[in-house]
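Before I ask anything, let me first share the structure, which is written out below as structure tokens.
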């Protein structure tokens, strides 16, 4: 396993190899480069360190140069002239910026940085007037996350390892903190990454570090990214996902992670006032809607675990009534009684 970061390393800072790659990407996205001070601030290093990074890129064969602008400030750019412009319609630019805003919930992750870099490449390739127009579009789309967002500022190395594992089909040696607090060492075969309720999850098989091939019959599991303590991809350990693997099969629409092979039917009656809101959305792949005589609607679907459905029913207050299964009804009643007791 990789040694833990030294005390002097700032939380969320980039490793040099990763930083050099991202500096190169940032410069490619800007046809006229960036001021050295701005580049240093973006990557959380001193200007002296940024000069060393620019020199390292030049030694590695990246055509980078440092010049002085008319105001005497150092400016870093790639040699070779401006890039060819990309032809995008106004709606396409707006769509790209909208996607970027959705990824705000993944700030401080490589995924967010890549989406931002793509948007910057698009803007940098446009003529000056069109570039300013494109930047102005960013304020015309908002994404408001529901339920808070998770923090990934200290998970840069973990996410780099997981993404490498997913993209290259390589095993990842990882240290994972379970729900009870104990830390577990494993070799993970990451099949896919999932963004669920503003958080990242990895789907794959967790194998023992010693003799992993002897546990090849283990079933895939869903791992929360924030619980990884350390992770590092292992070179030369290629794997093949199970035939017919489908990431969507591990999720139950709006009702959480898949937790078992057996499912049961849920039935919930909604009031006439709530009916338009229920019918306007898709809640579950197996859902069925049936109108009621009172003007309301009955929603039914199949789930493996009713636990996330309980809180969802309670969110509707008097506009929803759980009809089945029995354990769902009992749990809703228990939580309602406990909540009412808090106000007695």
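Roughly speaking, what is the stretch gain from residue 215 to residue 178, that is 0.36 nm per residue apart minus the C-alpha to C-alpha distance, in nm to one decimal?
Residue separation times 0.36 nm, minus the Cα-Cα distance, leaves 11.4 nm.
What FRET efficiency, computed as 1/(1 + (r/R0)^6) with R0 = 30 Å and r the Cβ-Cβ distance, is obtained for residue 245 and residue 108, rounded to the nearest 0.05?
0.55
Who wins for biggest fluctuation among 197, 219, 121 in a Gaussian network model of the chain, springs between alpha carbons below 10 Å?
219
Can I ask one more? Using Cα atoms only, what is the angle between the long axis of helix 16-28 and the major principal axis of the chain, expressed in degrees (0 to 90) to the nearest 10?
80
Under a GNM of the chain (C-alpha, springs under 10 Å), which listed residue has the highest mean-square fluctuation: 334, 79, 178?
Of 334, 79, 178, the Gaussian network model singles out 334 as fluctuating most.
For region 251-341, what does the relative contact order come out to in percent, with C-alpha contacts under 8 Å and a separation of six or more?
Relative contact order comes out at 34 percent.
Using only the Cα atoms of region 103-204, build the gyration tensor, take square roots of its eigenvalues as a ≥ b ≥ c, and label the shape rounded, prolate or oblate: rounded if a/c is under 1.5, else prolate if a/b is larger than b/c, else oblate.
It is prolate, given that a/c is not under 1.5 and a/b is the larger ratio.
What label, among (1) 21.7; (2) 18.4; (3) 24.8, belongs to mean projected area of the Cα convex hull in nm² computed from the structure on display?
So the calculated entry is the one marked (3).
Which residue, 267, 120, 185, has the most motion in a Gaussian network model of the chain that connects Cα atoms within less than 10 Å?
Taking springs between Cα atoms under 10 Å, the residue moving most is 267.
Rounded if a/c is under 1.5, else prolate if a/b beats b/c, else oblate: with a ≥ b ≥ c from the C-alpha gyration tensor eigenvalues square-rooted, which is region 156-248?
Here region 156-248 falls in the rounded category.
Restricting things to alpha carbons, tell me how big region 16-78 is in terms of Rg and Dmax, in Å.
10.5, 32
Between the helical axis of 47-59 and the dominant principal axis of the chain, each derived from Cα atoms, what acute angle in degrees is found, rounded to the nearest 10?
Value to nearest ten degrees: 80.
In whole angstrom, note down how far apart the Cα centers of region 189-260 and region 272-338 are.
Cα centres, region 189-260 to region 272-338: 30 Å.
Can you give the relative contact order of the chain as a percent, counting alpha carbon pairs under 8 Å and 6+ residues apart?
Averaging sequence separation for qualifying contacts and normalising by length gives 11 percent for the chain.
Okay, moving on. From Cα pairs below 8 angstrom and at least 6 apart in sequence, can you work out the relative contact order of region 156-248, rounded to a whole percent?
Relative contact order for region 156-248 comes out at 35 percent.
Kindly state, as a whole number, the per residue volume in cubic angstrom of the convex hull around the alpha carbon atoms of region 251-341.
Convex hull of Cα atoms, per residue: 92 Å³.
Alpha carbon centre of region 149-164 versus region 35-66: separation in Å?
24
To the nearest 10 degrees, how steeply does helix 156-168 sit against the main Cα axis of the chain, on a 0 to 90 scale?
80
Per residue of the chain, what 222 nm ellipticity follows from adding -39500 (n - 2.57) for every DSSP H run with n ≥ 4, rounded to the nearest 500?
It lands at -10000 deg cm²/dmol.
Computed from the coordinates by the stated procedures, all read-outs in this text should not be read as laboratory data. All of these numbers come straight from a predicted model, not from anything done at the bench. No Cβ is skipped: glycine too gets one built from the backbone with ideal geometry, and neighbour counts run over all protein chains shown.
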